[in-house]
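We did not get these values from a lab; they are worked out from the coordinates using the rules stated. Not measured: the values here are computed from a predicted model. Cβ sites come from the backbone with ideal geometry, for glycine too, and all protein chains shown count toward neighbours.
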Amino acid sequence: MTKPPQLVQSLTERFARHRDDYHRGRYGETQVRNEFINPFFVALGWDVHNELGYAEAYKDVIHEDAIKIGGTTKAPDYCFRIGGARKFFLEAKKPSVDIAGEPGPAYQPRQDADSSAD
């Protein structure tokens, strides 16, 4: 198994090599989740795929966890938990989404997280 710092460096270098292709719009959210986001969090020690076989209540990562926000149900792409307690959410976007120039995609998970605390 690759050591985490080496894996993170490898992911960063691969993304940089193919950055133009990823930003053209054909590279989707599912691809970036499978090829970069999931391996990144595995390298950091999160059990993204429930390799340890925990029951639903104790999984480290819940994919598309249903949370109630202002009377509606939202499903952020990732919910990271410790001991079953939610710690943070992650909303993935495909690389062609300009989160710096278009604040909507970046604002969504922050709004969802703030609303879930109510």
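Here are a few things to note about the model shown:
- For region 4-116, the calculated P(r), taken from all Cα-Cα distances in 5 Å bins from zero up to the bin holding the longest distance, is 2, 11, 18, 20, 20, 16, 8, 4, 0 percent.
- Applying a DSSP loop filter and a limit of 15 other Cβ atoms within 10 Å to the chymotrypsin sites (Phe, Trp or Tyr not before Pro) in region 19-76 leaves Tyr54.
- Total lysine pairs in region 4-116 at Cα distances under 17 Å, for residues eight or more apart or on different chains: 4.
- Estimated FRET transfer efficiency when R0 is 25 angstrom, pair Leu7-His63 (beta carbons, to 0.05): 0.75
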